[in-house]
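The structure appears below as structure tokens.
The values are calculated or read from the model by the stated rules, or taken from the named source; none is laboratory data. Predicted model, so just to flag it, every value in this text is computed and none were measured. Don't worry about glycine lacking a Cβ; one is built from the backbone with ideal geometry, like all the others, and counts go over all protein chains shown.
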Amino acid sequence: MINSLYYRVIVDGFDWLSKTFERFESQGFDRAYNVWLPSAFVKASRKVRKLQGKGSITTYLAAMFAGALILLLIYMLLVIYP
Amino acid sequence: MIPTPVVASLFLLGALVALLPLLGRILKGASSYVVQGVMLLVALAWAALFLDGLPLIRGTGWFRVDALSAVVSMTAASVGFLVASSSRRLRNDWQFQLVLSSGVLGTVMLASSADPLILLVSWGLVSVSGYSLLALAGDRSSLVGSIKYAFMSALSFQLLRVAICLMFAGSGNPRLVALGAMLFLVALGFKAGIPPFHMWLPDVYGFAEPVSVSGLSAIMKLGALALAIRLTEQTVLALGQPEGHVMVLVLVLLSAGSMLIGNLGALTQDDVQRMMAYSSIAQVGYVLMGISAFDAALVYGQPHVAYEALLGVFLFIPSYALSKAGIFSMLAGFKGRAGTGVQALAGSKAPESVSASVVLLNLLGMPPLLGFWAKLLVFEAAASSAIPVFYALGLPWYALYGIANSAISVFYYLKVLRAVYSSGKVEADHLHLRVAELGSAALLVLAGLIVPLLVL
């Protein structure tokens, strides 16, 4: 009876724990670190390069006006009407 | 009273620019040696002053001889020396030397002057030299890049004019000074390639003749960065506590955007020249991090943090300039340069491999190279617990953000390094480029070994 209890609780319990941890490590943490995280950065990188467009001056100007507008908004909100 | 070595160096540069149209026609290919000689003398004159002991940053006078102007002038002249040797592979050599010398003269003036008129003239001189450098290469990509750069420079020059008028004329009114400072940051954004004003940079640096890009990226930005340090310092001190925070916040936003966009843009790039163009954006982000930490330390009255941040920026400027001069000169040696794929670097010869490794590891911030000390000081200043805006949830978010961005950059710098050491056919033509490549690598190693003994 003690032997059966020992195998069911200790051996099977730790066996389950080991497999669960291994599954978490390989499919959770390992996968997140080696697959999900790099693919997220690759997607973000492609997005940045897509935003860059094909080098048209219109895009440069649009980005400039957007940037200048943001800076002026910050100036108005935090300096003029704080 | 302007010190004699400074007057002598300005006179030498001015005389060089005035006489090169005549000397160039007589000396032809040998004119680069004259330019290199003058650049060496200018660098030595500023180095002698620097070693003699200068204040870090001076607040008064129309011409400010301080450590900031010395570091920028020494760097511009040293990089000018290196780039002058690379230009011997171009057809119109003496014209290139003339434009390069004008760019260095403009940069030296921009780094030292506090007179609004001289600032505008110097900025204009640097801008004209920049797009002339590109146009002189003569190929289609460089000409297109030159026109794009000229267009954006003209816009930024107009903004700078308004900004300087507001900042100098409205010095009694903090609101006008703040508005002038915002417009100056837009003009700086164009010049230095800071997002969202950076859109021209990957197209120009990524496709134009690499020798021209080495001069443009390594010299023409330096004066604008020095001016940014001076003007933001003056603005923050003039505005005081509440408005000074706004200036710091804007600098932090620009720095964070620059690091992220630059590193993400380079991450999946296979063309090394375009990758290095994006890397330039990221590197300027680190410089801005140092400037924002310096200004924040002034707002919070933390002189030790301000000193550390400024020291970091002083080291970052030569580290960035020498690295870019080295890497773009190296890229110029590879045939089919418009598509300088990573594989084109495979099987590089031993000296080129070593210098490329040094330059790439320096950009990465690997000890004991100069880039490591620069990043260490900038990140340390950004992690200072005395500046509350750099902390969130008890963590130094700004420094951690910079470190995370450095971690992203490891992937693409190592991709290039792996290619350099992989086997393949050598396609490089390095006849005149070795001085720039090897010189920049040697200076980075030397400075990296000397800096901790001198300043840390």
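Odds and ends about this structure:
- Residue B:179 being touching a Leu at 6+ places or on another chain (Cβ under 8 Å) and of a type outside the set (Asp, Glu): yes
- Scanning the range A:37-55 for residues that are at the interface with chain B (Cβ under 9 Å from one of its Cβ atoms) and of a type in the set (Gly, Ala, Ser) yields A:44, A:45, A:53, A:55.
- Counted residues, the range B:109-156 - those being within 19 Å of residue B:73 (Cα to Cα) and aromatic (Phe, Trp, Tyr): 1
- Residue B:133 vs. criteria at pLDDT 90 or above, aliphatic (A, V, I, L, M) and assigned by TED's automatic domain parsing to the domain that holds residue B:188: yes
- Selected residue [at positive phi and surrounded by 24 or more Cβ atoms within 10 Å (Cβ to Cβ)] from B:193, B:138: B:193
- Residue satisfying condition, being in contact with a helix residue (DSSP H, G or I) (Cβ under 6 Å, 6 or more places away or on another chain) and more than 10 Å from chain A (Cβ to nearest Cβ), within set B:218, B:181: B:218
- Of all residues in the range B:193-215 being in contact with a Leu (Cβ under 6 Å, 6 or more places away or on another chain) and either within 29 Å of residue A:72 (Cα to Cα) or free of Cβ contacts under 8 Å to residues at least 60 places away in the same chain (or both), the one that is nearest to the other protein chains (Cβ to nearest Cβ): B:194
- Selected residue [within 17 Å of the chain's Cα centre (by Cα), at pLDDT below 90 and not polar (S, T, N, Q)] from B:215, B:206: B:206
- Filtered by the rule that a residue be surrounded by fewer than 21 Cβ atoms within 10 Å (Cβ to Cβ) and hydrophobic (A, V, I, L, M, F, W, C), the range B:18-42 gives B:18, B:19, B:22, B:23, B:26, B:27, B:30, B:34, B:40, B:41.
- Some residue of the range B:295-315 being assigned to a helix (DSSP H, G or I), among the hydroxyl-bearing types (Ser, Thr, Tyr) and crowded, with 24+ Cβ neighbours inside 10 Å: no
- Which numbered condition residue B:114 misses (of (1) modelled with pLDDT under 90; (2) among the small types (Gly, Ala, Ser); (3) surrounded by fewer than 18 Cβ atoms within 10 Å (Cβ to Cβ)): (3)
- Residue check for residue B:223: at pLDDT below 90 and either farther than 16 Å from residue B:251 by Cβ or surrounded by fewer than 24 Cβ atoms within 10 Å (Cβ to Cβ) (or both): no
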